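Peer 1: Below you'll find the structure I mean.
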Amino acid sequence: MILLLGAGGYIGRTFAGELRRRGHCFIPLTRRAFDYTRFDYLFDYLRTMRPVFLINAACYEAAPGGAVGEGEREKMMAANAILPQMIARVCLMTKTPWGHVSSGSIYSGAKVAANGKPVVRRRLGEAEMLELFETRPEKFFGFTELDEPNCSFRNPSCNFYSGTKALAEEAIQDIGQSYVWRLKLPFNEREEVCNWLWQMHRQGEVKDSIHSCSHLEDCVKACLDLWEQRAPFGTYNVTNPGAFTMAHVAQEMRRILRVPVQVRTGGDDSAPPGCILDCGKLLRAGVKLRPVEEAVEDCLDRLRVSARGMRGFEAVPKTFHAEVL
């Protein structure tokens with residue numbers, strides 16, 4: 001039996017669907033049904049149920065573009081940093097292997113070849129970087145699992161969400177048998193605030209930068225493949241191979257969906273920082289994913305032929321409905 005925490009959230013529901021499709025016996029838990037944030041509750045539950053694997057898909061992210069007040073920070077710290085540490089201790093004590101959904105937002109920028117060696121450039125939204133990527137994409141290299149996060153409380157500047165996700169990784173490193181799965185900008189065809197394609201359509205504009213990203217169904221399958229194939233425990237960047245500019249995605253949205261999305265450059269830093277991750281470790285483990293451009297185009301095509309298409313996005317209330325845990 002597999003235990004799934006955060007089963008009511010955007011990522012958790014995708015894990016539940018894929019576990020069901022594969023025929024796994026699993027228990028989906030939300031905090032409303034069972035307060036797994038309490039050490040004694042979770043410890044007793046694992047001792048009683050003896051799951052063969054635990055998945056932590058619980059997290060908290062503030063509303064896009066909104067101010068992060070003290071209350072929001074407390075929720076993010078509790079869900080994104082404190083909870084994973086507690087889970088790591090419980091799983092160690094009960095000898096339960098587990099997987100933790102982390103985020104590629106703990107990095108900013110990419111390694112860019114200059115004078116024969118890679119140099120980290122943090123601002124991938126600058127005109128110089130965008131032009132270089134369009135003409136010489138082979139000069140750009142992603143961060144690997146061995147690179148220290150450069151968008152964290154230890155390496156500012158970072159937003160509070162990125163800081164808490166980096167703090168969790170640092171705290172649970174090398175504790176027990178665990179996977180750390182780093183997703184970046186998850187997306188699919190679902191009408192969800194956490195889906196950045198949904199955000200692009202709703203806002204009608206996007207700040208241009210260069211990104212890796214994770215087609216959610218593709219990458220959830222990859223996470224479970226690592227477990228089923230008994231790949232070595234450790235950290236994995238789980239993104240579709242390759243990277244793209246937001247301007248390219250906006251162009252594809254105009255072409256395929258006839259949706260006008262404006263692209264801006266420069267300005268404020270409220271948008272997610274551009275980041276490229278190297279998913280070579282995942283591929284070397286025998287887990288294959290389709291290229292990111294293919295995944296994005298396929299997603300847009302599915303939206304185009306669906307009965308509701310992007311019109312369905314407009315029916316979603318303009319409030320934030322993220323599952324806290």
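The values are calculated or read from the model by the stated rules, or taken from the named source; none is laboratory data. Predicted model, so just to flag it, every value in this text is computed and none were measured. Here the Cβ positions follow ideal geometry from the backbone for every residue, glycine too, while neighbour counts run over all protein chains shown. Surface areas here come from the heavy atoms of the whole protein model, side chains and all, with no ligands, DNA or RNA. Shrake-Rupley method; radii C 1.70, N 1.55, O 1.52, S 1.80 Å.
Peer 1: Have a look at 30, 48 and point out the one that is more than 20 Å from residue 227 (Cα to Cα), at pLDDT 95 or above and surrounded by fewer than 21 Cβ atoms within 10 Å (Cβ to Cβ).
Peer 2: Selected residue: 48, the only one of 30, 48 that is more than 20 Å from residue 227 (Cα to Cα), at pLDDT 95 or above and surrounded by fewer than 21 Cβ atoms within 10 Å (Cβ to Cβ).
The rows are residues; the columns are (1) under 27 Å from residue 160 (Cα atoms); (2) modelled with pLDDT under 95.
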{"position": "213", "(1), (2)": "yes, no"}
{"position": "224", "(1), (2)": "no, no"}
{"position": "236", "(1), (2)": "yes, no"}
{"position": "288", "(1), (2)": "no, yes"}
{"position": "311", "(1), (2)": "no, yes"}
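Peer 1: Let me ask something else about it. Mind counting the residues in segment 86-122 that are within 22 Å of residue 1 (Cα to Cα) and crowded, with 21+ Cβ neighbours inside 10 Å?
Peer 2: Number satisfying all stated conditions: 9.
Peer 1: Looking at (1) open to solvent by 10 Å² or more (accessible area, probe 1.4 Å); (2) outside any helix (DSSP H, G or I); (3) at pLDDT 95 or above, can you tell me which one residue 20 breaks?
Peer 2: Unmet condition: (2).
Peer 1: A further question on this structure: Which one is nearest to residue 199 (Cα to Cα), of the residues in segment 1-13 that are open to solvent by 10 Å² or more (accessible area, probe 1.4 Å) and not in a loop (DSSP other than H, G, I, E, B)?
Peer 2: Only one residue fits best here, namely 10.
Peer 1: Same structure, new question: Write out, first by first residue and then by second, each pair whose Cβ atoms fall under 6 Å of each other, whose residues are 6+ apart or on separate chains, and whose first residue, in segment 1-28, is farther than 22 Å from residue 189 by Cβ while the second is open to solvent by 30 Å² or more (accessible area, probe 1.4 Å) and β-branched (Val, Ile, Thr).
Peer 2: Correct list of pairs: 3/27.
Peer 1: Could you check, for segment 121-143, whether at least one of its residues is touching a residue at least 60 places away in the same chain (Cβ under 8 Å), touching a Phe, Trp or Tyr at 6+ places or on another chain (Cβ under 7 Å) and within 30 Å of residue 228 (Cα to Cα)?
Peer 2: Looking for residues that are touching a residue at least 60 places away in the same chain (Cβ under 8 Å), touching a Phe, Trp or Tyr at 6+ places or on another chain (Cβ under 7 Å) and within 30 Å of residue 228 (Cα to Cα), one finds at least one in segment 121-143, hence yes.
Peer 1: Being of a type in the set (Val, Ile, Thr), within 19 Å of residue 173 (Cα to Cα) and within 21 Å of the chain's Cα centre (by Cα), is that true of even one residue in segment 106-124?
Peer 2: Checking segment 106-124: at least one residue is of a type in the set (Val, Ile, Thr), within 19 Å of residue 173 (Cα to Cα) and within 21 Å of the chain's Cα centre (by Cα).
Peer 1: Could you go through segment 263-270 and let me know if any residue there is of a type in the set (Val, Ile, Thr) and surrounded by 19 or more Cβ atoms within 10 Å (Cβ to Cβ).
Peer 2: no
Peer 1: Give me a count of the residues in segment 53-85 that are within 17 Å of residue 4 (Cα to Cα), open to solvent by 10 Å² or more (accessible area, probe 1.4 Å) and in a helix (DSSP H, G or I).
Peer 2: 1
This table checks each residue for (1) open to solvent by less than 20 Å² (accessible area, probe 1.4 Å); (2) under 28 Å from residue 68 (Cα atoms); (3) outside any helix (DSSP H, G or I); (4) out of contact with any helix residue (DSSP H, G or I) (no Cβ under 8 Å at 6 or more places or on another chain).
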residue	(1), (2), (3), (4)
146	no, no, yes, yes
149	no, yes, yes, no
153	no, yes, yes, no
166	yes, yes, no, no
192	no, yes, yes, no
201	no, yes, no, no
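Peer 1: To continue, here is another question. Within segment 228-247, can one find any residue that is in contact (Cβ under 8 Å) with a residue 12 or more places away in the chain, open to solvent by 30 Å² or more (accessible area, probe 1.4 Å), assigned to a loop (DSSP other than H, G, I, E, B) and farther than 20 Å from residue 290 by Cβ?
Peer 2: Checked segment 228-247: at least one residue is in contact (Cβ under 8 Å) with a residue 12 or more places away in the chain, open to solvent by 30 Å² or more (accessible area, probe 1.4 Å), assigned to a loop (DSSP other than H, G, I, E, B) and farther than 20 Å from residue 290 by Cβ.
Peer 1: Could you list, in sequence order, all residues of segment 177-190 that are open to solvent by less than 40 Å² (accessible area, probe 1.4 Å) and in a loop (DSSP other than H, G, I, E, B)?
Peer 2: Of everything in segment 177-190, those that are open to solvent by less than 40 Å² (accessible area, probe 1.4 Å) and in a loop (DSSP other than H, G, I, E, B) turn out to be 184, 185, 188.
Peer 1: What's the number of the condition residue 170 fails, among (1) surrounded by 21 or more Cβ atoms within 10 Å (Cβ to Cβ); (2) acidic (Asp, Glu); (3) closer than 30 Å to residue 69 by Cα?
Peer 2: All conditions are met except number (1).
Peer 1: Return yes when residue 128 is in contact with a strand residue (DSSP E or B) (Cβ under 8 Å, 6 or more places away or on another chain), open to solvent by 20 Å² or more (accessible area, probe 1.4 Å), over 28 Å from residue 27 (Cα atoms) and of a type in the set (Asp, Glu) and no when it is not.
Peer 2: Considered against the rule, which asks whether it is in contact with a strand residue (DSSP E or B) (Cβ under 8 Å, 6 or more places away or on another chain), open to solvent by 20 Å² or more (accessible area, probe 1.4 Å), over 28 Å from residue 27 (Cα atoms) and of a type in the set (Asp, Glu), residue 128 comes out as no.
Peer 1: Also, I was wondering about something else. Out of curiosity, is residue 155 without any contact (Cβ under 8 Å) to a residue 60 or more places away in the chain and closer than 28 Å to residue 246 by Cα?
Peer 2: So residue 155 passes the test.
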